[in-house]
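The block underneath contains the structure these notes are about, expressed in structure tokens.
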Amino acid sequence: MKDYIKSVLDKKDRLDGRKFDEFRKPIVITNDVSSKAEGSARVKIGDTEVIAGVKMDVGKPYPDSQDKGNLMTGVEFLSVASPEFLPGPPGPQAIELARILDRGIRESKMIDFKKLCITEGELVWNVIVDIYTINDAGNLIDASALAAVSALKNAVLPKLVDDKVQFGDFTKTPVPLTLTPVSCTVYKIGKHLIVDPTKEEEDAADGRLTVAVSESGNIHAMQKGMEAGFTIDEADKAIGMAKKCIEKLRKELK
Amino acid sequence: MAYTKRFDGRKFDEMREMEAKVGIIKRATGSAMFRAGKTVAIAAVYGPRGLFPAFLQNPKGARLKCVYDLLSFSVTERKRPGPSRRSTEINLVTEQALGPVLDLTKFSYMGLDVYVYITQADAGTRCAGINAASLALADAGIPMKELISAIAVGKVSDKIVVDLDKAEEDHEDGATDLPIAMAPRTGELTLLQMDGNMSQEEIKEALEMGKKACDEIKEVQIAALKAKYSEAKK
């Protein structure tokens, strides 16, 4: 299968006829898919599907950020999504993905953490974003990143009475946000670079490079994964490809 | 405020003073220490050896497993011992950084374990760990295509720099960390991570600076390997 996928790529084609820098269509983003969550989103890219939810809580600030709220990002590869995902605590791949998403959100300064301070040194909001896979048909990384930022974009704060969170009782105050990071992962198969692989293409891939870009056009997070390396020229080309795709993906976000 | 002079007086493309030594742990199959400024990493290789549970065994070759951790007292505020989400990720990227240059096909069904510990941390620990691990693998006699060298490049305030220390990572204007590892002969980046804020052009420039730095690190690594055998001759 791998050799066949490579031979098709050599002819500048893909199994489903897409261009190398073309995402599957349609990309469907649905907000408010779970009413108990402070914010939530479902993202479908082709047959790939993930849901993300935001829950808020309050707690003591960390010693090195007395006037700032906190972000926690989790990813679980639910067993419903693939025969390869077994039940149990998140493995290294899920933890890696969560940390890639976390870095994109944190480093782009998407969340205005200072505005999440309730009482300096005493009480701050914690933003907890959890992403669950529903169907793995390839490219869970980019689907998860889209879902995480979509869920954050429609998340609101719950009511706070006497420093106690009134869970389930939502205000109309949105979680304070600034820029929006969008991620795109470029996969390397042989010498070819493609985006948004199907599961078959992903299994044939040698390497990948994830890039998170904000409206500023600057890059806020990168992560190379899988066995193969990228030369500097390949990395530069991949970043350029990702930036182009991210411009289009950004339009899908409401 | 522009960053005109580095806190420790280095040039912007200048690395911290480096030191490398192999064979520091006699019990291990191979071992090494790598120091960059105040960051110190030790690494030991055990194996190839039996691998259990059996479902992990691969007829195509040995399974590489890397474990990275900080000693509890290696950082300013005590680090709780044991694995963390951060170390889980670093284990994974360390395996991917080293894997491409190893030839483990002769060691079917076996396991090859690489343990990396940071005894003193002043930023750039995953890179120091990879440098030490690469040396330890060579010291263990594992078939390798070449040595892997790693360095963190990035941006401090408005300047692109090589080998950030902790004070630079904590710069009030913000800093971008871009750790890389390079297989010098193929020119492939086997580790590439980044967090912060840089443009595409700045990243390219930083990567080119990192490539030069990796060439220098490689010389230090080779010297350390040679030193062990010239000592043995005496």
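Could you please let me know if A:GLY190 is within 12 Å of another protein chain (Cβ to nearest Cβ), surrounded by fewer than 24 Cβ atoms within 10 Å (Cβ to Cβ) and farther than 16 Å from A:SER144 by Cα? Answer is no for this residue.
When you scan the range B:99-111, do you find a residue that is within 14 Å of chain A (Cβ to nearest Cβ), touching a helix residue (DSSP H, G or I) at 6+ places or on another chain (Cβ under 7 Å), within 21 Å of A:GLY91 (Cα to Cα) and surrounded by fewer than 19 Cβ atoms within 10 Å (Cβ to Cβ), even just one? Taking every residue of the range B:99-111 in turn, none turns out to be within 14 Å of chain A (Cβ to nearest Cβ), touching a helix residue (DSSP H, G or I) at 6+ places or on another chain (Cβ under 7 Å), within 21 Å of A:GLY91 (Cα to Cα) and surrounded by fewer than 19 Cβ atoms within 10 Å (Cβ to Cβ). Residues in the range B:142-173 that are over 30 Å from B:ALA2 (Cα atoms) and in a strand (DSSP E or B): B:MET144, B:SER149. Taking first residues from the range B:173-186 that are on the phi > 0 side of the Ramachandran plot and more than 8 Å from chain A (Cβ to nearest Cβ) and partners that are modelled with pLDDT of 95 or more and in a strand (DSSP E or B), the Cβ contacts under 9 Å between residues at least 6 apart in sequence or on separate chains come to B:GLY174/B:LYS155; B:GLY174/B:VAL156; B:GLY174/B:GLY196; B:GLY174/B:ASN197. Limited to the range B:63-96, what total is found for residues that are away from every other protein chain (no Cβ under 13 Å) and farther than 20 Å from B:LEU191 by Cα? So the answer is 8.
Can you tell me how many residues in the range B:188-205 are closer than 18 Å to A:GLY240 by Cβ, in contact (Cβ under 8 Å) with a residue 40 or more places away in the chain and either more than 7 Å from chain A (Cβ to nearest Cβ) or touching a Cys at 6+ places or on another chain (Cβ under 9 Å) (or both)? Looking only at that region, the number is 2. For the range B:206-220, filtered to residues that are in contact with a strand residue (DSSP E or B) (Cβ under 7 Å, 6 or more places away or on another chain) and facing chain A (nearest Cβ under 7 Å), the residue that is surrounded by the most Cβ atoms within 10 Å (Cβ to Cβ) is B:LEU207. For the range A:161-174, check the following and say yes or no: at least one residue is within 14 Å of another protein chain (Cβ to nearest Cβ), hydrophobic (A, V, I, L, M, F, W, C) and surrounded by fewer than 23 Cβ atoms within 10 Å (Cβ to Cβ). Checking the range A:161-174: not a single residue is within 14 Å of another protein chain (Cβ to nearest Cβ), hydrophobic (A, V, I, L, M, F, W, C) and surrounded by fewer than 23 Cβ atoms within 10 Å (Cβ to Cβ).
Checked against (1) away from chain B (no Cβ under 11 Å); (2) under 15 Å from A:CYS184 (Cβ atoms); (3) touching a residue at least 40 places away in the same chain (Cβ under 8 Å), A:SER214 meets all criteria but (1). You will find that of A:ALA238, A:ALA242, the residue that is over 26 Å from A:ALA151 (Cβ atoms) and outside any strand (DSSP E or B) is A:ALA238 and no other. The condition (being within 14 Å of chain B (Cβ to nearest Cβ) and either of a type in the set (Gly, Ala, Ser) or under 28 Å from A:LYS251 (Cβ atoms) (or both)) is satisfied by just one residue among A:MET72, A:MET110: A:MET110.
Whenever a residue of the range A:171-188 is over 27 Å from A:GLU201 (Cβ atoms), its partners that are of a type in the set (D, E, K, R), lying with C-beta atoms within less than 6 angstrom and at least six residues away or across chains, give the pairs A:THR171/A:LYS159; A:PRO176/A:ASP112; A:PRO176/A:LYS115; A:THR178/A:LYS109; A:THR178/A:ASP112; A:LEU179/A:GLU215.
Criterion applied to B:LYS21, B:LYS5 was being charged (D, E, K, R), more than 14 Å from chain A (Cβ to nearest Cβ) and assigned to a loop (DSSP other than H, G, I, E, B), and the one residue passing it is B:LYS5. Across the range B:60-119, the qualifying residues are those that are touching a Pro at 6+ places or on another chain (Cβ under 6 Å) and assigned to a strand (DSSP E or B), and the one among them that is farthest from B:ALA140 (Cα to Cα) is B:MET110.
Restrict the check to the range B:149-159 and report whether at least one residue is crowded, with 22+ Cβ neighbours inside 10 Å, in contact with a strand residue (DSSP E or B) (Cβ under 8 Å, 6 or more places away or on another chain) and away from chain A (no Cβ under 14 Å).
Yes, the conditions are met somewhere in the range B:149-159.
Return yes or no: is B:THR176 among the hydroxyl-bearing types (Ser, Thr, Tyr), assigned to a loop (DSSP other than H, G, I, E, B) and either closer than 19 Å to B:GLU205 by Cβ or in contact with a strand residue (DSSP E or B) (Cβ under 8 Å, 6 or more places away or on another chain) (or both)? No: the conditions fail for B:THR176.
Answer yes or no: is there a residue in the range A:98-120 that is in a loop (DSSP other than H, G, I, E, B), without any contact (Cβ under 8 Å) to a residue 12 or more places away in the chain and not aliphatic (A, V, I, L, M). Scanning the range A:98-120 turns up no residue that is in a loop (DSSP other than H, G, I, E, B), without any contact (Cβ under 8 Å) to a residue 12 or more places away in the chain and not aliphatic (A, V, I, L, M).
The values are calculated or read from the model by the stated rules, or taken from the named source; none is laboratory data. As the structure is a computational prediction, the values presented were derived from the model and not from experiment. Note: ideal-geometry Cβ built from the backbone for every residue, glycine included; neighbour counts use all protein chains shown.
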